[in-house]
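Engineer: Okay, handing you the structure first.
The values are calculated or read from the model by the stated rules, or taken from the named source; none is laboratory data. What you see is a predicted model; the values in this text were computed from it and never measured. Because the Cβ atoms are built from the backbone with ideal geometry, glycine has one as well, and the counts that use them run over all protein chains shown. For accessibility, only protein heavy atoms count, side chains too; no ligands or nucleic acids. Shrake-Rupley method; radii C 1.70, N 1.55, O 1.52, S 1.80 Å.
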Amino acid sequence: MTEMTTTLIGSGAAKATEQEAVRVSQEAAGDAEYTFSVEGLDLFYDQTQALKNINMNIEKNHITALIGPSGCGKSTFLKTLNRMNDWVEGCRVTGKIQFEGKDIFKEVDPLALRYRVGMVFQQPTPFPKSIFENVAYGPRIQGISNKKELAEIVEQSLRQAVIWDELKDRLNESALGLSGGQQQRLCIARTLAARPSVILMDEPTSALDPISTQKIEDLALELKKDYTIVIVTHSMQQARRISDKTAFFLLGELIEFNDTVDMFTQPSNAQTEAYITGRFG
Amino acid sequence: MINALALAVRRAHRNEKTARILITLCGIGTALVPFLIGAFLLLKGTDTFFVFHHSLGEFLFSGVWNPSDTAEGGGHVGAAMFLSGSLVTCALALVLSLPLCISTAIFMTEIATPRTRRLIQPAVELFTGIPSVVYGWIGLTVLVPFLRLIFPMPFGFSVLAAGCVLAVMIFPTITTMAADAMAAVPKTWREASYGLGATRWETIAHIVLPAAKGGIFTGIILGLARALGEALAVAMVIGQMKVFPTSLFLPASTLTTAIASDMGGAMEGGEYSAALWTMALTLFLLSFLFIFLIHRLNRASDLKGGK
């Protein structure tokens with residue numbers, strides 16, 4: 001239909017369409033300064049409201065830390081960003097989340113969203129498969145079956161997760177035989193292999209020892225050059241060490257959202273100050 | 001006073017000792033029963049070979065079944081048709097029921113809401129409680145005429161009928177085992193799979209089923225063991241003709257149906273009786289093999305799952 005109109009009316013109209021396309025893409029690029037923009041987000045589990053009127057913009061190639069006491073809604077918020085809450089029974093969302101300028105509840109298919117917005121969980125969750133198959137899982141789901149291509153993606157992802165040297169000779173071994181820290185980095189590699197642009201991390205180091213934690217933190221800092229990272233953490237020190245922006249949640253509300261440096265040196269909210277100085281939480 | 005206390009303590013120790021001895025005896029005694037049965041079967045079942053001098057090859061592979069019902073012997077003890085009848089009906093039952101078992105297990109663990117699950121689970125378990133004679137009778141009155149109606153078969157009594165009845169009988173065993181194994185797959189694996197953009201079906205096919213493989217195989221073997229050992233229900237619908245199971249639509253016999261129908265008439269100590277005992281021994285050895293396989297499988301999956 002569009003094609004026919006173009007031919008009939010001639011080059012003038014075609015040019016106009018072209019111009020419009022440029023305008024639209026510029027607009028999209030303008031929006032995409034923020035990877036996510038969240039407007040008036042409310043989330044309910046049955047009758048309980050778990051998130052109340054959240055408004056925030058998450059910037060590209062930044063690490064955004066979500067902090068707050070247990071049950072404050074930070075993990076729930078994180079899981080909303082790639083619609084993992086879809087699987088939770090009785091979960092209902094109102095408001096708007098735009099991912100790269102598109103409404104994730106209306107304009108983006110949830111599967112496509114999860115291809116682009118990967119997730120790393122609190123407990124390392126390697127599948128009971130070989131190391132290679134773990135990393136190749138995402139690409140395979142996306143329909144890549146060429147052996148050589150898969151091998152390339154696996155190597156690249158493991159290199160990005162800085163675990164290639166440790167694992168390159170063990171690709172066919174079960175991933176369950178790895179240490180906790182290695183498993184978590186393998187899971188990060190598995191997430192990277194699906195070619196996301198955002199990585200959501202849900203307390204990725206809370207089950208790990210200090211040395212593994214440091215490796216994951218270094219990795220996050222390295223990855224933010226190419227990815228947008230949103231990390232939920234219980235550790236104030238961790239938020240301070242690695243994040244550019246910090247969001248403080250309390251009882252389902254976003255209390256304060258600011259540059260990490262400012263937030264930890266001069267919090268503007270009394271509750272934030274109380275939390276980060278360790279008076280509750 | 002002190003005396004009474006000492007007495008009580010002594011009595012307590014004595015009771016403790018008695019209880020331990022009693023329980024140990026019961027435990028050992030129960031564990032011994034299958035070994036005693038095995039020993040008895042070995043004793044009776046090997047007469048065919050050592051008293052009546054038939055070869056193992058004849059028993060397993062010959063189709064000539066004509067044992068003499070005397071202590072002198074001299075007949076033929078080829079049990080290949082019963083053996084093949086048993087194997088064919090079991091395999092058929094498995095082929096018929098496995099897709100349904102796996103589907104039901106997937107439905108129960110992955111798709112059904114908790115309320116539906118609470119409804120289906122007891123229904124599936126109820127299957128196990130129905131006596132085999134009931135299965136056989138329903139097979140006889142419903143299935144056999146039905147099969148005769150829709151397939152080109154002379155009697156309705158057939159290998160197919162036996163396979164169908166057995167399929168229903170092993171359904172709960174395999175389904176329950178498979179569902180338990182799938183439910184035991186950690187939720188975190190499913191979430192990780194969803195997080196990578198997998199659909200529910202992709203998650204089931206690539207994560208849940210492979211992880212539950214061990215439990216599903218155990219279910220299959222238990223189901224096969226039940227199918228192999230079932231005599232009554234099979235005897236009621238298979239037609240019990242002493243022929244090889246050459247067609248799904250014709251009657252045949254199995255090890256169990258042959259034993260059940262002929263043991264009463266065979267003279268104790270005769271060749272006929274010895275041949276039947278050998279068939280019983282074969283059944284025992286096959287179940288033994290099944291149990292052995294289950295243990296091997298479980299150990300293999302323990303090794304793979306362990307750190």
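Engineer: Excluding residues fewer than 8 places away in the same chain, name every one of the lysines whose C-alpha is closer than 20 Å to that of A:Lys168.
Structural biologist: Counting by Cα, and skipping residues close in sequence, A:Lys168 has these lysines nearby: A:Lys129, A:Lys147, A:Lys148, A:Lys215, B:Lys307.
Engineer: Sticking with this structure for a sec: So with the 1.4 Å probe, I'd like the accessible area per residue for segment B:2-45, rounded to whole Å².
Structural biologist: Working: 3810 Å² over 44 residues.
Accessible area per residue, segment B:2-45: 87 Å².
Engineer: What's the carbon and sulfur percent of segment B:1-45's accessible surface, probe 1.4 angstrom, rounded to a whole number?
Structural biologist: On the way: 3060 of 4010 Å².
Answer for segment B:1-45 is 76 percent, counting heavy atoms of protein chains only.
Engineer: While we're looking at this one, here's another question. Relative to a virtual label point 7 Å from the Cα of B:Phe35 in the Cα→beta-carbon direction, which members of segment B:270-299 show backbone nitrogen distances below 14 Å?
Structural biologist: Under cut-off, by backbone N: nothing.
Engineer: If you place +1 on the Cβ of every Lys and Arg and -1 on the Cβ of every Asp and Glu, how big does the dipole about the Cα centre of chain A come out, in debye to the nearest 20? Don't skip to the answer; put the middle values down first.
Structural biologist: On the way: 30 positive and 37 negative charges, 93 e Å.
Computed about the Cα centre, the dipole is about 440 debye.
Engineer: Could I ask something else about it? Need one word for chain B: rounded, prolate or oblate. Basis is the Cα gyration tensor (sqrt eigenvalues a ≥ b ≥ c); a/c below 1.5 gives rounded, then a/b vs b/c decides.
Structural biologist: Cα axes put chain B in the oblate bin.
Engineer: Taking the solvent-accessible surface of protein heavy atoms with a 1.4 Å probe, what is the per residue accessible area of segment B:176-282 in Å²? Could you put the intermediate results ahead of the total?
Structural biologist: Numbers: 3900 Å² over 107 residues.
Heavy-atom accessible area per residue stands at 36 Å².
Engineer: By the gyration tensor of its Cα atoms, with a ≥ b ≥ c the square roots of the eigenvalues, what is the shape of segment B:18-124: rounded for a/c under 1.5, prolate for a/b over b/c, or oblate? Display every interim value, and only then the final one.
Structural biologist: On the way: a/c = 4.86, a/b = 1.45, b/c = 3.35.
Since a/c reaches 1.5 but b/c is at least a/b, the shape of segment B:18-124 is classed as oblate.
Engineer: Can you work out ³J(HN,Hα) from phi for every residue in segment A:47-52, in order, using Karplus 6.51 cos²θ - 1.76 cosθ + 1.60 and θ = phi - 60°, giving whole Hz and x for Gly and Pro?
Structural biologist: So the J values, rounded to whole Hz, are 8, 7, 8, 9, 9, 10.
Engineer: Given a cut-off of under 8 Å on Cα pairs at least six residues apart, what relative contact order in percent is computed for segment B:47-162? Intermediate results must be reported in sequence, preceding the final value.
Structural biologist: Details: 74 pairs, mean separation 19.2, N = 116.
Here the relative contact order equals 17 percent.
Engineer: Output the peptides B:83-94, A:34-45 sorted from most to least packed, where packing is the average of other Cβ atoms within 10 Å over each peptide's residues.
Structural biologist: On the way: B:83-94: 22.2, A:34-45: 18.2.
Ranked from most to least packed, the peptides come out as B:83-94, A:34-45.
Engineer: Turning to a different aspect of this structure: Taking the Cβ of B:Arg200 as the centre, find all other residues whose Cβ is under 10 Å away and add up their charges (Lys, Arg: +1; Asp, Glu: -1).
Structural biologist: Summing Lys/Arg as +1 and Asp/Glu as -1 gives -1.
Engineer: Mind listing the long-range amide H neighbours of A:Leu51? Cut-off is under 5 Å, sequence gap 5 or more, other chains count too, H placed in the peptide plane at 1.01 Å from N.
Structural biologist: Close amide H contacts, sequence-distant or interchain: A:Leu43.
Engineer: Per residue of A:172-178, how many C-beta atoms from partner chains lie within 10 Å of its own C-beta, taken as a mean?
Structural biologist: Working: counts 0, 0, 5, 0, 4, 3, 1.
Average neighbour count from other chains, rounded to a whole number: 2.
Engineer: Taking amide H atoms as placed 1.01 Å from N in the peptide plane, list the residues 5 or more away in sequence, or in a different chain, whose amide H sits under 5 Å from that of B:Gln240.
Structural biologist: Placed amide hydrogens put B:Ala252 under 5 Å from B:Gln240.
Engineer: Can you tell me which of A:155-166, A:86-97, B:43-54 comes out highest on packing, and rank the rest after it, using the mean Cβ neighbours within 10 Å? Could the numbers behind the result be given before it?
Structural biologist: Working: A:155-166: 18.3, A:86-97: 14.7, B:43-54: 16.8.
The most tightly packed comes first, giving A:155-166, B:43-54, A:86-97.
Engineer: Can you compute 3J(HN,Hα) from phi for each residue in segment A:261-277, using the Karplus curve 6.51 cos²θ - 1.76 cosθ + 1.60 with θ = phi - 60°, rounded to whole Hz and x for Gly and Pro?
Structural biologist: 4, 5, 4, 7, 9, 9, x, 8, 10, 5, 5, 4, 4, 4, 5, 6, 8
Engineer: Could you compute how much accessible area chains A and B hide from each other, both sides summed, with a 1.4 Å probe? Nearest 100 Å² is fine.
Structural biologist: Details: alone 14480 and 17270 Å², together 29840 Å².
So the buried area, both faces added, is about 1900 Å².
Engineer: Give me the percent of DSSP beta bridges within the protein assembly as shown that run antiparallel, rounded to the nearest 5. Working shown, then result.
Structural biologist: Details: 27 of 46 bridges.
Approximately 60 percent, going by the DSSP bridge assignments.
Engineer: Counting partner chain Cβ atoms within 10 Å of every residue's Cβ in A:106-114, what's the average? Could you put the intermediate results ahead of the total?
Structural biologist: On the way: counts 0, 0, 0, 1, 3, 6, 1, 1, 5.
For this peptide, the per-residue mean of nearby foreign Cβ atoms is 2.
Engineer: Could you check what % of the DSSP bridge pairs in segment A:96-253 are antiparallel, to the nearest 5?
Structural biologist: On the way: 4 of 13 bridges.
That works out to approximately 30 percent antiparallel.
Engineer: Continuing with the same structure: What relative contact order, as a whole-number percentage, does chain A give when Cα pairs under 8 Å and 6 or more residues apart are counted?
Structural biologist: Numbers: 482 pairs, mean separation 69.2, N = 281.
Taking the mean separation of contacting Cα pairs over the length of chain A, I get 25 percent.
Engineer: Per-residue Cβ counts within 10 Å, from other chains only, averaged over B:71-77: what number is that? Don't skip to the end; give the middle numbers.
Structural biologist: Working: counts 0, 0, 0, 0, 0, 0, 0.
Taking all residues of B:71-77 together, the mean is 0.
Engineer: Moving on to the next point. Counting Lys and Arg as +1 and Asp and Glu as -1, each charge on the Cβ, what is the dipole of chain B about the Cα centre in debye, to the nearest 20? Mind dumping the intermediate values first?
Structural biologist: Values: 20 positive and 15 negative charges, 323 e Å.
With Lys and Arg at +1 and Asp and Glu at -1, about 1560 debye.
Engineer: Moving to a separate point now. Listed highest first by mean packing, meaning other Cβ atoms within 10 Å per residue, what order do A:240-250, B:63-73 come in? Mind showing how you got there, number by number?
Structural biologist: Numbers: A:240-250: 22.4, B:63-73: 15.6.
Averaged packing, sorted descending, gives the order A:240-250, B:63-73.
Engineer: Can you tell me the FRET efficiency between B:Phe155 and B:Phe61 if r is taken as the Cβ-Cβ distance and R0 is 41 Å, rounded to the nearest 0.05?
Structural biologist: Numbers: r = 28 Å, r/R0 = 0.68.
Calculated value: 0.90.
Engineer: Then there is this: Taking a ≥ b ≥ c as the square roots of the Cα gyration tensor eigenvalues, with a/c under 1.5 meaning rounded and otherwise prolate when a/b beats b/c, else oblate, which class fits chain A? Please report the intermediate quantities before stating the final value.
Structural biologist: Details: a/c = 1.88, a/b = 1.13, b/c = 1.67.
Verdict is oblate for chain A.
Engineer: Per residue of segment B:67-84, what does 6.51 cos²θ - 1.76 cosθ + 1.60 with θ = phi - 60° give for ³J(HN,Hα)? Whole Hz please, x for Gly and Pro, Karplus curve as stated.
Structural biologist: x, 7, 8, 10, 6, 6, x, x, x, 10, 10, x, 9, 4, 6, 6, 4, 5
Engineer: Continuing with the same structure: With contacts defined as alpha carbon pairs under 8 Å and 6 or more residues apart, what's the relative contact order of segment B:77-306 in percent?
Structural biologist: Details: 303 pairs, mean separation 68.4, N = 230.
With pairs under 8 Å counted, the relative contact order is 30 percent.
Engineer: For A:Val232, list long-range residues whose amide hydrogen, built 1.01 Å from N in the peptide plane, is under 5 Å from its own amide hydrogen.
Structural biologist: The answer is A:Leu66, A:Met201, A:Asp202, A:Glu203.
Engineer: Return one whole number: the accessible area per residue of chain A in Å², for a 1.4 Å probe. Please list the in-between numbers first.
Structural biologist: Values: 13540 Å² over 281 residues.
Roughly 48 Å² per residue, with all protein chains present.
Engineer: Taking chain B as a Gaussian network, where each spring joins two C-alpha atoms under 10 Å apart, which residue of B:Ile259, B:Ile23, B:Ile216 fluctuates the most?
Structural biologist: B:Ile23
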